[in-house]
Amino acid sequence: MKWYENNAEHADIVLSTRVRLARNLKDYPFPSRLNEAGKNKVNAVVRDALLTGKRAKTFDYVEMRTLSHTQCVSLAEKHLISPEFASDSEGRALILSKDEDVSIMLCEEDHVRVQVIYPGLSLEAAYETANELDEALSRKVEIAFDPRLGYLTQCPTNLGTGLRASVMLHLPALSRSGAMQRLANTVAKLGLILRGAYGEGSKPVGDIYQLSNQVTLGISEQAAIKNLESIANQIIAQEKSAREALLKDDVFIDRIWRAWGILQSAHMLSCAEFMELGSLVRIGAAEGVLDIPVQTLTRLLVETQPATLNCAQGRSCTPAERDVLRARAVKEALR
Amino acid sequence: MLCQNCNQKEATTHIKRVVNGEAEEHHLCSECAKKLGYDHFLDDFSLSIPNFFSSFFHDTMPALKGAGAEHCGTCGSSFEDIVRSGMVGCADCYDKFFDRLLPSIQRIHGRARHAGKTPHYTVEPDEKGADKVAEAPKAQTAEQQIAALEAEMQKAIESQNFEQAAVLRDKIKELKGDDRK
Ligand SMILES: [Zn+2]
Ligand SMILES: [Zn+2]
């Protein structure tokens with residue numbers, strides 16, 4: 001089962017949890033100083049170290065140059081790889097679990113970027129899975145490490161644990177209350193970042209935000225995870241109480257039902273319109289106004305992104321064709 | 001290149017992100033980057049800012065431009081290469097240029113010291129290339145072995161197989177040492 005098809009803890013507010021570890025092999029220059037042959041060699045070393053025993057059956061090894069541009073962008077839309085990784089395939093490879101919950105980017109900014117994505121709020125479990133892979137790798141391959149600076153990374157911003165953890169939150173009530181900027185400033189003082197997950201930096205769409213840790217040096221993995229988890233729980237509690245007030249408002253309930261009506265009957269839906277109406281239907285589903293499972297909305301959010309729609313069609317579509325396909329997919333899912 | 005937002009200042013921040021199914025690249029000045037919400041030293045999952053560190057270097061350390069052409073023995077990077085690209089060349093660069101990198105590292109991380117886990121590398125002898133190399137040329141004389149190993153090392157370096165090259169270099173050293181006895 002893929003992460004976006006699963007139900008999980010706090011799924012009414014938390015879409016997903018991601019944990020990423022950045023690692024480099026001690027004996028090779030970092031990716032920006034490697035040519036294609038050097039990168040291929042690094043990829044093979046990591047592949048051979050990791051894909052043994054059971055993992056050989058549950059993971060696929062994919063050379064990025066064998067994928068089409070659309071397939072690459074679709075992987076980025078599913079958050080399985082970074083946009084940067086999707087934009088250039090030379091000398092890059094991906095180790096992907098069949099469930100698409102573990103993705104290991106090879107020769108992105110660092111030699112190895114292990115990423116685990118789980119549904120709902122699941123930080124400790126996601127870290128544990130990432131850590132297991134890191135342990136398996138570091139027993140077989142010497143990892144670039146310095147006792148003072150921790151894991152050595154190509155960009156010094158990731159020094160230390162090389163750990164980036166994040167949770168994706170649906171915060172329609174808090175963003176309607178105008179509290180987001182204040183909240184972002186508060187969590188920044190605690191070493192975390194809260195920003196829109198979709199849309200331009202200043203204008204997030206779909207009320208979906210990403211909360212992640214910023215500090216990697218001078219803090220243990222456990223402390224970073226705990227810190228993020230406790231702030232996430234506080235934001236969840238705030239969103240819950242803001243939702244209570246919002247759901248007493250008949251005007252808002254009316255908007256949820258109208259959004260539901262449009263999503264069920266529209267012949268064309270742009271990505272932006274779906275994001276906006278989907279946010280209303282999601283809160284309706286989460287709070288029992290509408291009788292649909294909330295993960296239906298998560299699945300739609302992933303499957304109706306432009307390149308993922310193209311991929312499902314096996315070809316590149318015009319924006320208008322995509323809007324028709326999107327509306328059809330939404331209609332079917334909400335039936 | 002000028003900032004694509006204000007068209008006035010030099011673009012120092014390069015952002016790649018997925019918009020409408022296409023990977024787009026944006027070049028922004030530091031002020032516009034901040035205004036548009038890209039003001040963190042963050043390469044999270046939804047966007048990456050590979051050159052942020054570079055712009056940050058230029059902002060804070062202009063005096064270092066004439067620092068000379070000392071190179072890292074492992075990857076060949078000079079400190080200027082690192083400043084220009086915003087990328088450290090290899091693990092040994094951190095050693096070689098530690099004093100010069102430290103001020104910037106501290107600007108990002110403070111005076112912190114690593115507090116997380118440590119890797120545990122356990123050598124598994126039957127899996128190491130070194131032992132396979134050592135076994136094969138047993139019947140040869142020491143000179144033949146060294147010549148073969150040196151050729152192999154050269155090949156390894158050419159194909160950027162540095163791990164293998166390091167193993168071979170140690171092997172050659174060992175053989176040459178034995179000869180002198
Ligand atoms: Zn500008
Ligand atoms: Zn170096």
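Checked against (1) of a type in the set (S, T, N, Q); (2) open to solvent by 20 Å² or more (accessible area, probe 1.4 Å); (3) within 16 Å of ligand 2 (Cβ to nearest atom), A:Asn24 passes all but a single condition, namely (2).
Please indicate, with yes or no, whether at least one residue in region A:167-186 is within 7 Å of chain B (Cβ to nearest Cβ) and either open to solvent by 10 Å² or more (accessible area, probe 1.4 Å) or touching a residue at least 40 places away in the same chain (Cβ under 8 Å) (or both). Within region A:167-186 (the criterion being within 7 Å of chain B (Cβ to nearest Cβ) and either open to solvent by 10 Å² or more (accessible area, probe 1.4 Å) or touching a residue at least 40 places away in the same chain (Cβ under 8 Å) (or both)), the answer is no, since none of the residues qualifies.
Looking only at residues of region A:276-292 that are more than 10 Å from A:Asp12 (Cα to Cα) and under 20 Å from the mean Cα position of the chain (by Cα), we find that the one that is surrounded by the fewest Cβ atoms within 10 Å (Cβ to Cβ) is A:Glu276. For beta carbons closer than 6 Å, sequence separation of 6+ or different chains, a first residue in region A:139-152 that is at the interface with chain B (Cβ under 7 Å from one of its Cβ atoms) and closer than 20 Å to B:Ala166 by Cβ and a second that is open to solvent by less than 10 Å² (accessible area, probe 1.4 Å) and assigned to a strand (DSSP E or B), the qualifying pairs are A:Ile143/A:Arg23; A:Phe145/A:Tyr151. Checked against the criterion of being under 21 Å from A:Ile236 (Cβ atoms), of a type in the set (Val, Ile, Thr) and at pLDDT below 95, the candidates A:Val167, A:Val187 yield just one match: A:Val187.
Taken together, A:Ile81, A:Ile95 contain a single residue that is more than 14 Å from chain B (Cβ to nearest Cβ), farther than 22 Å from B:Glu158 by Cβ and open to solvent by less than 60 Å² (accessible area, probe 1.4 Å), which is A:Ile95. Scanning region A:65-100 for residues that are of a type in the set (A, V, I, L, M, F, W, C) and either over 15 Å from A:Gln115 (Cα atoms) or free of Cβ contacts under 8 Å to residues at least 40 places away in the same chain (or both) turns up A:Leu67, A:Cys72, A:Val73, A:Leu75, A:Leu80, A:Ile81, A:Phe85, A:Ala86, A:Leu94, A:Leu96. Residue count for region A:1-31 satisfying the condition of being over 13 Å from A:Val112 (Cα atoms) and within 12 Å of chain B (Cβ to nearest Cβ): 5.
Just checking, does region A:209-223 include any residue being assigned to a helix (DSSP H, G or I) and open to solvent by 30 Å² or more (accessible area, probe 1.4 Å)? Within region A:209-223, one or more residues are assigned to a helix (DSSP H, G or I) and open to solvent by 30 Å² or more (accessible area, probe 1.4 Å). Screening B:Arg107, B:Arg111, B:Arg84 for residues that are over 20 Å from B:Thr13 (Cβ atoms) and more than 11 Å from ligand 2 (Cβ to nearest atom) leaves exactly one candidate, B:Arg111.
Scanning region A:188-208 for residues that are surrounded by 21 or more Cβ atoms within 10 Å (Cβ to Cβ) and more than 23 Å from B:Asn5 (Cβ to Cβ), which turns out nearest to the chain's Cα centre (by Cα)? Across region A:188-208, the extreme among qualifying residues is A:Ile208. For A:Gln234, the test of being open to solvent by 60 Å² or more (accessible area, probe 1.4 Å) and closer than 30 Å to A:Leu123 by Cα is passed.
Restricting the search to helices (runs of 4 or more DSSP H) fully inside region B:28-113 and requiring at least 3 residues that are modelled with pLDDT under 80 and within 16 Å of ligand 1 (Cβ to nearest atom) gives B:30-35, B:52-60.
Determine whether A:Glu273 is assigned to a helix (DSSP H, G or I), of a type in the set (Asp, Glu) and either within 22 Å of the chain's Cα centre (by Cα) or more than 25 Å from A:Leu75 (Cα to Cα) (or both). Considered against the rule, which asks whether it is assigned to a helix (DSSP H, G or I), of a type in the set (Asp, Glu) and either within 22 Å of the chain's Cα centre (by Cα) or more than 25 Å from A:Leu75 (Cα to Cα) (or both), A:Glu273 comes out as yes.
Could you check, for region A:105-117, whether at least one of its residues is without any contact (Cβ under 8 Å) to a residue 40 or more places away in the chain and within 28 Å of A:Leu169 (Cβ to Cβ)? Yes, there is a match, as at least one residue in region A:105-117 is without any contact (Cβ under 8 Å) to a residue 40 or more places away in the chain and within 28 Å of A:Leu169 (Cβ to Cβ).
The values are calculated or read from the model by the stated rules, or taken from the named source; none is laboratory data. This is a predicted model, so every value here is computed, not measured. All Cβ positions, even for glycine, are placed from backbone atoms using ideal geometry, and neighbour counts span all protein chains on display. Just so you know, the surface numbers come from the protein's heavy atoms only, side chains and all, with ligands and any DNA or RNA stripped out. Shrake-Rupley method; radii C 1.70, N 1.55, O 1.52, S 1.80 Å.
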